[in-house]
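So the structure is just underneath, and the comments pick up after that.
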Amino acid sequence: MLELADYNKRCFIALGLVKAKFVFGSEFQLESDYMLNVLKLAQSTTLNRARRSMSEVARNIEHPMVSQMIYPLMQAVDIMALDADFAVGGIDQRKIHMLAREELPQLGHRAPVCIHTPILLGLNGEKMSSSENNYISVDDDEKSVEKKIKSAFCPQGVIEDNPVIDIFRYHIFPRFGEIEVKRPSKFGGDVSYGTYAELTNDFANEGLHPMDLKKTAAGYINSIIGPVRELL
């Protein structure tokens, strides 16, 4: 696990998180005060609430292990141990964060501000899954990224629940001031978009072909994760 944590750390740094302080759980999770707080939180948390706070995969297991119920309690106590003001995670973490907001003050820690990011669809338009390989990994090579995005679900003119459009919204536009789509003159020539709204309006009105959108997305994603490949 430490090897995986170090790998994630190097990926974050390569993606630009260079001023952050990285703390491994092993640095504080074996301390007596930490474990005592986990047990105190367990005393005030019902089994039903602990199960609701578990990961979605674990919630669907008929006979979950006790450790899977303890894990969300540890995530809440992590916030206290790190003396964090903010807790950031995917929207699937909201139940854990609400547990932390309600219960940590009873342990002497302020209720954290919680920031949640959306959960994106897989490239095939369905739930993202490692077994389906319907996602882009930060260590995918250029050809893999191009192949995956080329085959992605991207119906002409559709904005909602379009994984390629979501890539532009959440990954590309926040990093680039202007997006340039390169295409042959017979198909309208190159075109630039200064905002996400401009791109989606053009795509919705069928002024931009899905394949042009995909090729552009692949190019920008490769430039974003390029530093990770160099580091690893």
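The values are calculated or read from the model by the stated rules, or taken from the named source; none is laboratory data. Not measured: the values here are computed from a predicted model. FYI the Cβ positions are ideal-geometry reconstructions off the backbone, even for glycines, and counts take in every protein chain you see.
For the reader, a short list of remarks on this structure follows.
- For the stretch 36-57, the condition of being hydrophobic (A, V, I, L, M, F, W, C), at pLDDT below 90 and closer than 30 Å to TYR170 by Cβ holds for at least one residue.
- Selection over the stretch 63-99 of residues that are in contact with a Ser or Thr (Cβ under 6 Å, 6 or more places away or on another chain) and crowded, with 20+ Cβ neighbours inside 10 Å gives a count of 3.
Yes/no matrix, rows are residues, columns are (1) assigned to a helix (DSSP H, G or I); (2) in the same structural domain as ALA111 (by TED's automatic domain parsing); (3) over 19 Å from GLU103 (Cβ atoms); (4) modelled with pLDDT under 90:
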residue	(1), (2), (3), (4)
LYS9	yes, no, yes, no
VAL23	no, no, yes, no
MET74	yes, yes, no, no
VAL77	yes, yes, no, no
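- Residues in the stretch 95-131 that are in contact with a strand residue (DSSP E or B) (Cβ under 8 Å, 6 or more places away or on another chain), closer than 28 Å to LEU39 by Cβ, of a type outside the set (D, E, K, R) and free of Cβ contacts under 8 Å to residues at least 24 places away in the same chain: HIS97, MET98.
- Enumeration of residues in the stretch 95-136 that are part of a loop (DSSP other than H, G, I, E, B) and under 14 Å from ASP78 (Cα atoms): GLY108, HIS109, ARG110, ALA111, PRO112
- Here GLN156 meets each of (1) over 30 Å from LYS9 (Cα atoms); (2) assigned to a helix (DSSP H, G or I) with one exception, condition (2).
- Checklist (1) loosely packed, with under 15 Cβ neighbours inside 10 Å; (2) closer than 29 Å to GLY16 by Cβ; (3) out of contact with any Asp or Glu (no Cβ under 6 Å at 6 or more places or on another chain) applied to PRO227, failing item: (1)
- Residue list for the stretch 24-52, filter: surrounded by fewer than 12 Cβ atoms within 10 Å (Cβ to Cβ), under 27 Å from the mean Cα position of the chain (by Cα) and within 18 Å of ALA81 (Cβ to Cβ): SER26, GLU27
- Test result for LYS186, among the charged types (D, E, K, R), assigned to a helix (DSSP H, G or I) and without any contact (Cβ under 8 Å) to a residue 60 or more places away in the chain: yes
- Scan the stretch 189-232 for residues that are of a type outside the set (Ser, Thr, Tyr), within 21 Å of the chain's Cα centre (by Cα) and part of a helix (DSSP H, G or I) and the total you get is 13.
Here is a yes/no grid of residues against (1) over 30 Å from LEU4 (Cα atoms); (2) surrounded by 13 or more Cβ atoms within 10 Å (Cβ to Cβ); (3) without any contact (Cβ under 8 Å) to a residue 60 or more places away in the chain:
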position: ASN162; (1), (2), (3): yes, yes, yes
position: ILE172; (1), (2), (3): no, yes, yes
position: LYS182; (1), (2), (3): yes, no, yes
position: TYR193; (1), (2), (3): yes, yes, yes
position: ASN201; (1), (2), (3): yes, yes, yes
position: ALA204; (1), (2), (3): yes, yes, yes
position: THR216; (1), (2), (3): yes, yes, yes
position: ILE221; (1), (2), (3): no, yes, no
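- Taken as a whole, the condition of being surrounded by 12 or more Cβ atoms within 10 Å (Cβ to Cβ), closer than 26 Å to GLY89 by Cα and in the same structural domain as ASP202 (by TED's automatic domain parsing) applies to ILE149.
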